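First comes the structure, then the notes that go with it.
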2 protein chains.
Amino acid sequence: MCELLGMSANVPTDITFSMAGFLQRGGATGPHRDGWGVAFYEDAGYREFKDPHPSIASPVARLILDYPIKSRIVISHIRQANVGQVNLGNTHPFSRELWGRHWCYAHNGQLAGFREALPLSYFQPTGQTDSEWAFCWLLGEIRKAFPHPPEQPEVLQALIHRLAEQLRTLGVFNLLLADGEQLYAYCSTKLAHITRCAPFGPAILKDTELEIDFAACTTPQDVVSVLATEPLTTNEEWHIMQPGELVVFQDGHCRARLLSTAG
Amino acid sequence: MCELLGMSANVPTDITFSMAGFLQRGGATGPHRDGWGVAFYEDAGYREFKDPHPSIASPVARLILDYPIKSRIVISHIRQANVGQVNLGNTHPFSRELWGRHWCYAHNGQLAGFREALPLSYFQPTGQTDSEWAFCWLLGEIRKAFPHPPEQPEVLQALIHRLAEQLRTLGVFNLLLADGEQLYAYCSTKLAHITRCAPFGPAILKDTELEIDFAACTTPQDVVSVLATEPLTTNEEWHIMQPGELVVFQDGHCRARLLSTAG
């Protein structure tokens, strides 16, 4: 299994604090030694940093911690391989362009019989993982349903929820997905989130000795939501998601919550 | 205008030496202060590093120089903006997936009337540059002609040459394009290349005080070709390309050379 980390914020925000704890799980407090990656949406742009080495020993990870990048959406993943070799081509997050937007995707879990169950259309995987295959299928289904972006966000949210529910029938499918505006998070077995806003207080990381007082580095208007496979801090109350639940964040706020209709 | 750098090699090769000179052109020996980026093909994988800041002041550039990444194909670009703001979304190289391969693209020059002359199909730009628009058009035309990769490389080379010639009629179009196996380089006004193989000798950079003896860090089987807008070294003979010329490198060797049939 792997670990996921996501962020949505209403102002460009530096995720260094959460990353400092999260990256410890890539070989120190967690067994996820098979590569890691992070994607940042900044202004109109998008960039990824990936390394097929354990995050605690990665020069690229050190850069990310030393060079705070301010962005409104972040998706990060540390990998413990099951399907597909340990190499750069199988390292999350994955991205494709749809509707002139960068879509970014990271997956925790594994899927059985994915090649037969998920026929591909517009997008093809470049690596060997079940995860990237599922992403290509998911985005292809979205494009088939909507050659152009739908005007109502609800219809896209409903489609993504339905597709994620279908993927969950193949195994474990915890998902982070973003298009530059929305951050979609789907829980199959394990995902948690927290929204921080004024009045901000201190937070203490679980995975490394680090404490921050968010009051000192925020304004009263800031709203920042963080998602992770497991809560990253010990002194805050995280919302533990239910199996089959999709949440949609925009500008730091939770905009929609769709629950499973499966039994 | 911008500057291009490319590499094709038959063994995973570290391009730190060439990058050390090239990145000086991003604010020191050259005026290209509007961002820079580099893409590496490594094993089955692909990764990019981009920064919208001048390369001589970029922490990401320092990482690349300190953390030698060995790859078989590299494309890099430093930008002096003409069309599109200075931001991450307009920073080269650009990439898209076609046929389950990462295609990477960087452009030097500018194109007039590109929106009208180049109707898009499968791929859409995410930023505002003429360069990314032309890439989306070019790759869309390839996909329209070949829904699956053609068996004969010559037919794809001929198509890319024809499309590049068409782009050159709109202005200046110096190109580096790669699909993970081939590196295509098209010269509209300015592009040079050199192939290094045994017996290797010393090389002296033009843009910074640095000399290397390739004999000390290569084996007799290594073949490495480097492309750049202008020669990077002072003591070697670079091949200066002709307007309308396309060269195709694979595994460090020049596999094909197509000349312009225009007047």
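The values are calculated or read from the model by the stated rules, or taken from the named source; none is laboratory data. Being a predicted model, the structure only gives us computed values, none of them experimental. So basically every Cβ, Gly included, is an ideal-geometry build from the backbone, and we count neighbours across all protein chains shown. We work out accessible area using only protein heavy atoms, side chains counted, and drop any ligands, DNA or RNA first. Shrake-Rupley method; radii C 1.70, N 1.55, O 1.52, S 1.80 Å.
How about segment B:216-228: which of its residues are among the aliphatic types (A, V, I, L, M) and either in a loop (DSSP other than H, G, I, E, B) or modelled with pLDDT of 90 or more (or both)? Steps first, please.
From segment B:216-228, those among the aliphatic types (A, V, I, L, M) are B:216, B:223-224, B:226-228; that's our starting set.
Passing the criteria: B:Val223, B:Val224, B:Val226, B:Leu227, B:Ala228.
Within segment A:139-171, being over 22 Å from B:Gly100 (Cβ atoms), β-branched (Val, Ile, Thr) and open to solvent by less than 40 Å² (accessible area, probe 1.4 Å) holds for one residue alone: A:Ile160.
Sort out which residues of segment B:242-251 are open to solvent by less than 50 Å² (accessible area, probe 1.4 Å) and either within 14 Å of the chain's Cα centre (by Cα) or farther than 27 Å from B:Glu42 by Cβ (or both), and write them in order of number.
B:Gly244, B:Glu245, B:Leu246, B:Val247, B:Val248, B:Phe249, B:Gln250
Among the residues of segment B:11-50, those identified as more than 8 Å from chain A (Cβ to nearest Cβ) and of a type in the set (Asp, Glu) are B:Asp14, B:Asp34. Scanning segment B:197-223 for residues that are of a type outside the set (Ser, Thr, Tyr), open to solvent by 20 Å² or more (accessible area, probe 1.4 Å) and touching a helix residue (DSSP H, G or I) at 6+ places or on another chain (Cβ under 8 Å) yields a total of 8.
Kindly evaluate B:Lys70 against the criterion of being open to solvent by 10 Å² or more (accessible area, probe 1.4 Å), of a type in the set (Lys, Arg), closer than 22 Å to A:Trp36 by Cα and away from chain A (no Cβ under 11 Å). It would help to see each step written out before you state the result.
Details: open to solvent by 10 Å² or more (accessible area, probe 1.4 Å): yes; of a type in the set (Lys, Arg): yes; closer than 22 Å to A:Trp36 by Cα: yes; away from chain A (no Cβ under 11 Å): yes.
Yes; evaluated as a whole, the condition is true for this residue.
So is B:Phe40 hydrophobic (A, V, I, L, M, F, W, C), modelled with pLDDT of 85 or more, over 30 Å from B:Ala198 (Cβ atoms) and assigned to a strand (DSSP E or B) or not? So B:Phe40 fails the test. If you filter segment A:103-138 down to residues that are open to solvent by 20 Å² or more (accessible area, probe 1.4 Å) and in contact (Cβ under 8 Å) with a residue 40 or more places away in the chain, you find that the one that is nearest to the other protein chains (Cβ to nearest Cβ) is A:Gln128.
Can you name every residue in segment B:81-102 that is in contact with a Ser or Thr (Cβ under 7 Å, 6 or more places away or on another chain), part of a loop (DSSP other than H, G, I, E, B) and either facing chain A (nearest Cβ under 7 Å) or at pLDDT below 90 (or both)? Hits for segment B:81-102 are B:Val83, B:Gly84, B:Gly100. The residue that is farthest from A:Ala81 (Cα to Cα), counting only those in segment A:10-22 that are among the hydrophobic types (A, V, I, L, M, F, W, C) and within 14 Å of the chain's Cα centre (by Cα), is A:Ile15.
Tell me, which residue of segment A:9-37 that is hydroxyl-bearing (Ser, Thr, Tyr) and at pLDDT 85 or above is least open to solvent (accessible area, probe 1.4 Å)?
If we take residues in segment A:9-37 being hydroxyl-bearing (Ser, Thr, Tyr) and at pLDDT 85 or above, then A:Ser18 is least open to solvent (accessible area, probe 1.4 Å).
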